[in-house]
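Here is the structure we will look at, set down as structure tokens.
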Amino acid sequence: MTRSVDGALTDLVHGKLSRRDFAAHAAALGLSVTAISALLRSAPAEAAASDAVFPITGPMQDGSGGTLVVGQESNWDVLDPCLGTGAVTWRTCLYQIYESLVAREMDNPSGLSDPIVPGITKSIDRSSDGKTYTFHLQDGVTFSDGTPFDAAAVMWNVERQWDQSKLGRKNAPQFDTTAAAVRSWFWNPAQMVSMTSPNPGTVVFELAKPFAPFVSGMPESGLGTMGMSSPAVWKTGGTAAIAAHPIGTGPFLFESQSPGDQLNIVKNPKYWNPAGAAKADRIIFKALTDPSTRVAALRGGDAHVIFAPPTEEIASLQREGFIVTARANPHLWYMQLNAHEPYWKDRRVRQAFFMSINRNAMAKRLMRGTALPAVSINGRTCPSWTDQAGYPEHNIKAAKQLLADAGLEKGFETTFQIPTGGSGEMDPVGMAEWIARDAAQVGIKIKLQTMEWISYLHAWAGGMTAGIGMNQQSWGMTSIYWPNLPLRTTSALNVGHQPDTRFDVLLDQANSSLDDETAIAKYRAVDALNAQEMWLLPIVNDLAPVVISPKVRNFVHSSDWWWDFKKVWVQS
Amino acid sequence: MLAYTAQRVLSIIPTLIGVSLVTFGLLHLVPGGPALAMLGMAASDPKAVAAVTKELGLDRSLPEQYWIWLKRAVTGNFGTSTEFHVPVTALLFPKLEHTLILTAGSLFYAVVLGLMVGITTALYHRSLYDRLAMLLTLIGASAPVFWIGLLLIYLFAIRLGWLPALGMASPLGPPTVLGVLKHLILPAFANSIISLAVIARIVRSGMMEALVQPYILAARARGLPRWRQVVVHAFRNVLPDAINITGLQVGFLFGGALFVEVVFGWPGLGYLIYSSIQARDYVTLQAAVLIVSAAFIFVNLVADLARMALDPREARS
């Protein structure tokens with residue numbers, strides 16, 4: 001049966017038809033290649049970066065109003081920008097209430113990454129020696145309690161998490177040990193030595209040495225690094241008051257919450273930027289931890305948007321008229337090998353193992369197109385991402401040859417430590433079983449050791465012990481900084497104990513670069529070195545599918561971990 | 001009776017201390033802790049973990065931690081949730097109220113339907129109705145609650161659209177009594193099925209035994225109406241056992257709420273316990289387990305006392 005071009009185009013936009021199938025239909029209707037290409041380009045919702053079957057937007061239409069109900073896969077935790085660490089806490093809830101000193105554009109329907117754009121900071125200057133950053137603040141911004149957002153407020157927020165005792169100074173009264181610990185990955189390497197304010201609209205940060213990821217790293221890891229909360233709230237009751245009465249500068253205001261059940265936020269009528277004001281009247285976040293419950297909520301009309309849908313339900317939800325969106329983002333599902341295990345000491349063995357894994361088939365079949373095979377250790381939205389790093393393709397014959405060359409033609413046994421679930425973990429057990437099955441083809445016998453998420457985090461954070469051959473994690477950043485965490489030999493996140501100091505040299509050169517191009521080139525060199533050495537194995541990038549009701553308007557799938565709902569509204 | 005009641009009430013205290021000790025011990029045996037849950041990826045920094053552990057007071061010895069917790073708990077101060085940073089009492093009691101509503105709804109189904117099925121199957125035993133009812137109760141008692149819950153959602157909320165799929169009230173408006181009752185139907189029924197089956201089977205068995213006793217024959221010989229033979233004479237003798245098993249089932253329904261609350265998005269204590277385990281929120285978990293245990297013990301006490309009041313032989317012994 002042949003459908004009309006319009007129908008096929010609609011199906012393409014709504015994710016019911018792949019680009020390839022669309023092209024086949026269009027060709028069957030007698031359209032020229034040029035016309036087909038033009039039509040494909042005119043489909044703005046298609047995820048060009050992923051070439052997947054899912055669009056990146058729902059229906060786009062001017063308008064406003066309605067209550068958006070969002071079904072989340074886990075609880076939010078503390079409603080405090082410095083302390084909220086849960087992925088969903090920042091990803092959706094707090095991002096609407098608080099704003100970061102550094103903003104990213106994550107909801108551009110045609111953009112492939114999320115550039116830094118003006119927000120509550122108008123512009124940023126970097127000194128020629130790369131050690132001084134001057135932030136010029138937006139005029140006329142106020143917190144939702146009416147107090148001004150100015151340089152004093154910025155400094156007050158930074159001092160909550162900046163541990164000045166390391167510099168021999170007394171910490172500020174609002175300094176919070178947990179906040180400093182949570183953000184230590186940023187503030188420790190940034191080595192900030194002073195913060196001054198020449199006027200209420202300007203904040204100057206002085207670093208001990210150049211640190212190229214200083215600006216791009218600020219909005220990472222939950223935006224909490226620089227999410228601005230009102231100092232006036234803290235004065236009323238300390239840290240507990242911030243979580244109880246979240247006050248930010250964002251497009252939505254906190255209304256009420258029943259912890260672990262429902263969080264209500266409403267449109268901020270006095271948002272400082274009228275052009276960016278919220279379209280929906282209210283957003284309700286519901287914690288629906290069971291995947292089937294989320295789907296039932298969507299089908300029953302009790303939720304308009306659900307995160308982390310079960311992949312096996314996606315096709316049927318699409319047939320029922322729901323819209324499934326997906327998009328490349330900084331996510332990376334990766335493995336680290338334990339350098340202390342003797343069999344991994346030979347690079348050829350590490351390469352052979354990587355080549356045994358059919359990542360393409362895993363992404364297409366196991367993940368049903370909701371993931372892409374990873375070709376870089378950098379996130380797909382990171383400026384240093386490249387598909388030219390040189391990671392070898394799946395090749396069983398070549399893998400067997402490498403093992404034979406290394407004297408391990410009979411293979412060996414190893415243990416793979418994995419969580420049963422967790423933040424961004426996709427289907428860790430299913431994926432590990434897939435990897436074990438692939439590796440068995442070249443003689444590598446993998447025993448799986450599974451653990452619940454927090455127990456796993458405990459084992460993972462301690463570094464791999466003897467007998468554990470490999471483990472797994474999901475992370476990634478849009479900031480170029482991320483490879484410092486798992487690959488620097490001195491990093492606590494080098495959980496596989498990789499010993500190659502050439503990574504450190506390249507990372508130091510990247511971080512001290514005085515221009516972005518050099519920094520990006522150096523981070524790509526780190527990626528290329530890893531593609532040869534194979535201490536960190538990039539497996540897949542999650543496209544993070546989301547299912548939305550057809551009533552939702554202007555929903556754009558985020559190109560980062562965090563979501564901006566201010567343009568979204570719901571048709572009654 | 002009074003001495004027995006006093007003895008039972010006093011025995012609650014050591015039982016609760018025992019429960020809290022076991023919970024406390026078990027929690028600290030599980031790898032990981034609140035510091036790890038709070039820090040996420042930053043947990044790989046041992047200094048960060050040590051700083052947060054110290055701030056939470058988890059660097060103290062276990063007996064010291066337990067003693068501090070116990071001293072606060074007896075004054076009604078259960079501390080602050082490490083997951084949500086709100087006082088545990090503010091978190092716990094609204095959830096407890098929701099779980100009690102769910103438990104009461106489940107108990108209603110379990111008792112009313114359980115008694116109806118138990119009595120009628122005994123009256124018509126070996127009939128097609130009896131066999132069918134027993135088969136259904138067997139399936140009900142064997143099937144996982146979450147699976148039954150999902151089937152109910154699929155049938156009544158999605159296919160037929162008669163009842164809401166989840167939550168305690170519609171998120172799109174203020175909660176109403178009618179709305180809560182409507183939302184209660186499916187989760188309460190799903191939660192009740194196993195207890196319903198247990199009560200039905202025990203009542204059936206007791207009734208079958210009672211219905212062939214000489215006093216029923218005597219009642220029949222005296223020309224008493226059938227309903228009077230069944231309800232006043234036979235069922236009265238089954239009632240102590242029915243109350244006993246119902247008392248035990250209340251605790252089971254309370255515990256079963258954990259599964260049902262997750263499936264139906266019911267914002268209760270079970271769901272809170274589930275999320276507290278995931279977040280290693282020891283403070284909330286300790287208090288929640290204590291409350292559930294206290295409720296369980298209290299209900300069993302009430303059931304025991306009711307049984308004694310109804311059965312003079314028990315009271316005498």
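The values are calculated or read from the model by the stated rules, or taken from the named source; none is laboratory data. Keep in mind that what you see is a predicted model, and the values were worked out from it rather than measured. Because the Cβ atoms are built from the backbone with ideal geometry, glycine has one as well, and the counts that use them run over all protein chains shown. Surface areas here come from the heavy atoms of the whole protein model, side chains and all, with no ligands, DNA or RNA. Shrake-Rupley method; radii C 1.70, N 1.55, O 1.52, S 1.80 Å.
Some points to look at:
- B:Lys95 vs. criteria within 14 Å of chain A (Cβ to nearest Cβ), among the charged types (D, E, K, R) and touching a helix residue (DSSP H, G or I) at 6+ places or on another chain (Cβ under 8 Å): yes
- Qualifying residue in region B:189-199 (condition: assigned by TED's automatic domain parsing to the domain that holds B:Gly105, open to solvent by 80 Å² or more (accessible area, probe 1.4 Å) and in a helix (DSSP H, G or I)): no
- Summed over region B:265-286, residues that are over 16 Å from the mean Cα position of the chain (by Cα) and either β-branched (Val, Ile, Thr) or buried (at least 20 other Cβ atoms within 10 Å of the Cβ) (or both) total 12.
- Qualifying residue in region B:58-78 (condition: farther than 28 Å from B:Phe296 by Cα, surrounded by 18 or more Cβ atoms within 10 Å (Cβ to Cβ), out of contact with any Gly (no Cβ under 7 Å at 6 or more places or on another chain) and within 14 Å of chain A (Cβ to nearest Cβ)): no
- Condition met for A:Thr478 (within 23 Å of A:Ala363 (Cα to Cα) and in contact with an Asp or Glu (Cβ under 6 Å, 6 or more places away or on another chain)): yes
- All positions within region B:153-172 that are in a helix (DSSP H, G or I) and either at the interface with another protein chain (Cβ under 8 Å from one of its Cβ atoms) or in contact with a His (Cβ under 7 Å, 6 or more places away or on another chain) (or both): B:Ile153, B:Tyr154, B:Ala157, B:Ile158
- Check on A:Ala326, open to solvent by less than 10 Å² (accessible area, probe 1.4 Å) and touching a helix residue (DSSP H, G or I) at 6+ places or on another chain (Cβ under 7 Å): no
- If the condition is being open to solvent by less than 20 Å² (accessible area, probe 1.4 Å) and under 20 Å from the mean Cα position of the chain (by Cα), then region B:153-172 contributes B:Leu166, B:Gly167.
- Residue in region A:221-231 that is at pLDDT 90 or above and open to solvent by 30 Å² or more (accessible area, probe 1.4 Å) present: no
- Every pair of residues 6+ apart whose Cβ atoms lie under 7 Å, when the first sits in region A:396-420 and is under 30 Å from B:Gln278 (Cβ atoms) and touching a residue at least 40 places away in the same chain (Cβ under 8 Å) while the second is of a type in the set (Ser, Thr, Tyr) and open to solvent by 40 Å² or more (accessible area, probe 1.4 Å): A:Ile418/A:Thr450
- Matching residues in region A:399-420 - criterion: being open to solvent by 30 Å² or more (accessible area, probe 1.4 Å) and in a helix (DSSP H, G or I): A:Lys400, A:Gln401, A:Leu402, A:Ala404, A:Asp405
- Those residues of region A:443-467 which are more than 14 Å from chain B (Cβ to nearest Cβ) and open to solvent by 10 Å² or more (accessible area, probe 1.4 Å), in sequence order: A:Gly443, A:Lys445, A:Ile446, A:Lys447, A:Leu448, A:Ala466, A:Gly467
- Conditions (1) modelled with pLDDT of 95 or more; (2) over 23 Å from A:Phe503 (Cα atoms); number of the one not met by A:Ala389: (2)
- In region A:61-80, the qualifying residues are those that are under 16 Å from A:Ala297 (Cα atoms) and hydrophobic (A, V, I, L, M, F, W, C), and the one that is nearest to the chain's Cα centre (by Cα) is A:Val70.
- Residue that is farthest from the other protein chains (Cβ to nearest Cβ) [pool: residues in region A:245-291 that are in contact (Cβ under 8 Å) with a residue 40 or more places away in the chain and part of a helix (DSSP H, G or I)]: A:Gly276
- Which listed residue, of A:Phe135, A:Phe186, is open to solvent by less than 10 Å² (accessible area, probe 1.4 Å) and part of a helix (DSSP H, G or I): A:Phe186
- Helices (runs of 4 or more DSSP H) completely within region B:215-317 that count 2 or more residues being at pLDDT 85 or above and in the same structural domain as B:Thr121 (by TED's automatic domain parsing): B:236-264, B:269-278, B:282-310
- Scanning region B:200-221 for residues that are within 14 Å of another protein chain (Cβ to nearest Cβ) and open to solvent by 70 Å² or more (accessible area, probe 1.4 Å) turns up nothing.
- Residue within region A:136-144 that is more than 14 Å from chain B (Cβ to nearest Cβ), under 23 Å from the mean Cα position of the chain (by Cα) and either of a type in the set (D, E, K, R) or under 25 Å from A:Val78 (Cβ atoms) (or both) present: no
- Residues satisfying the stated conditions in region B:3-36, i.e. open to solvent by 30 Å² or more (accessible area, probe 1.4 Å), facing chain A (nearest Cβ under 9 Å) and aliphatic (A, V, I, L, M): B:Val30
- Taking the criterion of being open to solvent by less than 20 Å² (accessible area, probe 1.4 Å), away from every other protein chain (no Cβ under 14 Å) and of a type outside the set (S, T, N, Q), the residues of region B:135-152 that qualify are B:Gly140, B:Ala143.
- Residue in region A:493-530 that is least open to solvent (accessible area, probe 1.4 Å), counting only those that are more than 25 Å from A:Ala461 (Cβ to Cβ) and not in a helix (DSSP H, G or I): A:Ser513
- Here A:Ser128 does not qualify as loosely packed, with under 15 Cβ neighbours inside 10 Å and in a helix (DSSP H, G or I).
- Failed item in (1) among the polar types (S, T, N, Q); (2) away from chain B (no Cβ under 12 Å); (3) assigned to a loop (DSSP other than H, G, I, E, B), with A:Ser423 passing the rest: (2)
- Residue satisfying all of: in region A:295-321; within 13 Å of chain B (Cβ to nearest Cβ), touching a Pro at 6+ places or on another chain (Cβ under 7 Å) and open to solvent by 10 Å² or more (accessible area, probe 1.4 Å); modelled with the lowest pLDDT among these: A:Gly300
- Pairs are defined by a Cβ separation below 8 Å, a sequence spacing of at least 6 or placement on different chains, a first member in region A:172-184 that is closer than 16 Å to A:Ala243 by Cα and free of Cβ contacts under 8 Å to residues at least 60 places away in the same chain, and a second member that is open to solvent by 20 Å² or more (accessible area, probe 1.4 Å) and in a loop (DSSP other than H, G, I, E, B); the pairs so defined are A:Phe175/A:Asp163.
- One residue stands out among those in region A:477-492 that are touching a residue at least 60 places away in the same chain (Cβ under 8 Å) and within 11 Å of another protein chain (Cβ to nearest Cβ): the one that is surrounded by the fewest Cβ atoms within 10 Å (Cβ to Cβ), which is A:Leu485.
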